[in-house]
Each structure stands twice: as structure tokens, then as C-alpha cells.
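The values are calculated or read from the model by the stated rules, or taken from the named source; none is laboratory data. Everything quoted here is computed from the prediction, not taken from an experiment. All Cβ positions, glycine included, derive from the backbone under ideal geometry; neighbour counts span all protein chains shown. Only protein heavy atoms, including side chains, enter the accessible area calculation; ligands, DNA and RNA are left aside. Shrake-Rupley method; radii C 1.70, N 1.55, O 1.52, S 1.80 Å.
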Amino acid sequence: VAAGTYAGPISLRGKDIVLRGAGAATTIVNGTGGFTASVLAFAGGEPATTVVEGFTIRGGTTGTTVGTAPIDFRGGAVLVRNAAGVIRDCVIEASTSMRGGGLALLDASLLLERCTIRTSAATVDGGGIHIERGHLTLAQCEVTGNTAPSAGGILLETTQPTGSLLLAGTRVCGNTLWNIVGEFTPEGDTTEVCDCFGDVNADGVVNAIDVASLLSV
């Protein structure tokens, strides 16, 4: 795909393909054109050999509806559902949804390699990434500047025992509130998760205000 800005939403429709942009700095998939949908979706049973690389994916405002009662929106920028694949050398940014403002996994498996997930927001949880019954590996990635009332960086649903999160040479820092909620496996000396669990209100210090917040509940 040549350098330029392209309007979403884009669905890979289950295809076993490599979709390669000219580079994240110059090849942008922007917004959802008024559709209630994720900007990019792996949602048609794509195999693990399906690859998207060299794009910036941004500007999602709703995500995709999941279920009907109650309606649940997920994956403002990217949704991977009932599928697998690889996202490489991409920037996922500036998107919003109820869960997974940047990226949402549901019954899916994904490798993120050399990607940045930043400045996205969720109104419920998982500002950067939301995982439910999914397996996510982040290799040489950065998750930063994302926000949510809970798990501003990454949420792995703890009620779903089949989910997993592996961080390899990855930095998850600067997200509010909390960088990661849920169990994860770190790999390599350069993996960094900047959570201080004593800082209950996430203001950067541990003090009497945090103790008072704990005692109040």
C-alpha cells in the first residue's frame, strides 16, 4: 500500500494475506467514516499467517459491537475476534471504545511485534488493550499514554482462565489508571511494567491519601 491516508473501516475478511504499508510514518488508516466499527478488523477467521505491517491505525471512535444485551463496544482501532494473525511495525493510537480503546482481543490469538499502542481511551477498561479469552504476545512493543477507569494500559480478564499475556522486550508505562490489570508473563531483561500498587490514586506518590483511600473501602 502506497504512502497516504486511507479511510476505514477495513475488514480482512478471513484472508490469508500480508497487507504491507509503506511505513507507519506515512501510511495511515484514519477513522471509521461514521461507521460503528473498528478501524481494522481481523474478524473472519483469519489464520495466524495473516499479517498487517507498516501502518498507523488511528481515529476510531466507537469500536465494534459485541453481543446485543447489553451492547458492548470493543476495539476502537483494532478488533481481533475469532481469528489470529500478526501486527508488525505499526502504531495504534488516538482511538476510543468501551473496552480496548486501542485494541481488543476476543476468542483470538495475536502477535504484536515492534508496535506502539498509545493515546487511546476506554470508558470501561483496557484503555490500550483489552483481552478476553485471548492470547496476546507483545514483542519489542511500547504501550503508553492510554487511559481508562480501570487498566489504562492492558486488561486481561481474570475470569477467563484460557487467556494469556506474554511481554517480550516490551515497555508498559505511563498509562492511567494502572498499566496492567491481570496476570502476565515477562520475558527478557528489557521488559518493563511501571506499576506501583501502593499508589492507589495513581498520582505518582505513595502517601496518606492512598492509605485513606484504602481504608475507605
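In the stretch 88-159, which strands (runs of 3 or more DSSP E) lie fully inside it and hold 1 or more residues that are closer than 21 Å to residue 65 by Cβ and not basic (Lys, Arg)?
By residue number, 91-93, 96-99, 103-106, 109-113, 121-125, 129-132, 154-156.
Taking the stated definitions as given, is residue 210 among the charged types (D, E, K, R) and farther than 28 Å from residue 109 by Cβ?
yes
Look at the stretch 149-174 and say how many of its residues are on the phi > 0 side of the Ramachandran plot and touching a Phe, Trp or Tyr at 6+ places or on another chain (Cβ under 9 Å). Break it down into steps so the answer makes sense when it comes.
Here is the first cut: in the stretch 149-174, the residues on the phi > 0 side of the Ramachandran plot are 151, 169, 174.
Okay, now just the ones that are also touching a Phe, Trp or Tyr at 6+ places or on another chain (Cβ under 9 Å), so 151.
The total comes to 1.
Scan (1) open to solvent by less than 20 Å² (accessible area, probe 1.4 Å); (2) modelled with pLDDT under 95; (3) not basic (Lys, Arg) for the single condition residue 161 breaks and write down its number.
In the conditions (1) open to solvent by less than 20 Å² (accessible area, probe 1.4 Å); (2) modelled with pLDDT under 95; (3) not basic (Lys, Arg), residue 161 misses (1) alone.
For the stretch 45-70, give me each residue that is touching a strand residue (DSSP E or B) at 6+ places or on another chain (Cβ under 9 Å) and open to solvent by 50 Å² or more (accessible area, probe 1.4 Å).
If the condition is that a residue be touching a strand residue (DSSP E or B) at 6+ places or on another chain (Cβ under 9 Å) and open to solvent by 50 Å² or more (accessible area, probe 1.4 Å), then 48, 49, 58, 61, 65 are the ones that fit.
Would you tally the residues in the stretch 181-208 being at pLDDT 85 or above, among the hydrophobic types (A, V, I, L, M, F, W, C) and part of a loop (DSSP other than H, G, I, E, B)?
Kept after step one, since they are at pLDDT 85 or above, are these residues of the stretch 181-208: 181-194, 207-208.
Subsequent filtering for residues that are among the hydrophobic types (A, V, I, L, M, F, W, C) retains 181, 184, 193-194, 208.
If we keep only those that are part of a loop (DSSP other than H, G, I, E, B) too, we end up with 184, 194.
Qualifying residue count for the region: 2.
Return the total of residues in the stretch 2-25 being assigned to a loop (DSSP other than H, G, I, E, B) and not basic (Lys, Arg). Give the steps one after another, and end with the answer.
The initial filter retains those residues of the stretch 2-25 that are assigned to a loop (DSSP other than H, G, I, E, B), namely 2-3, 8-9, 12-17, 21-25.
Still in the list and also not basic (Lys, Arg): 2-3, 8-9, 12, 14, 16-17, 21-25.
Final tally of qualifying residues: 13.
Strands (runs of 3 or more DSSP E) wholly in the stretch 26-76 with at least 3 residues that are without any contact (Cβ under 8 Å) to a residue 40 or more places away in the chain and more than 14 Å from the chain's Cα centre (by Cα) - which ones?
Once the strands (runs of 3 or more DSSP E) in the stretch 26-76 are filtered for at least 3 residues that are without any contact (Cβ under 8 Å) to a residue 40 or more places away in the chain and more than 14 Å from the chain's Cα centre (by Cα), what remains is 27-30.
Looking at residue 125 and the list (1) open to solvent by 50 Å² or more (accessible area, probe 1.4 Å); (2) touching a strand residue (DSSP E or B) at 6+ places or on another chain (Cβ under 6 Å); (3) acidic (Asp, Glu), which single condition is not satisfied?
That leaves (1) as the condition not met.
Which of the residues spanning the stretch 77-87 are part of a strand (DSSP E or B), under 21 Å from residue 1 (Cβ atoms), over 11 Å from the mean Cα position of the chain (by Cα) and touching a residue at least 40 places away in the same chain (Cβ under 8 Å)?
Scanning the stretch 77-87 gives a single hit, 85.
Filter the stretch 73-122 down to residues that are touching a His at 6+ places or on another chain (Cβ under 7 Å) and surrounded by fewer than 24 Cβ atoms within 10 Å (Cβ to Cβ), then give me how many there are.
1
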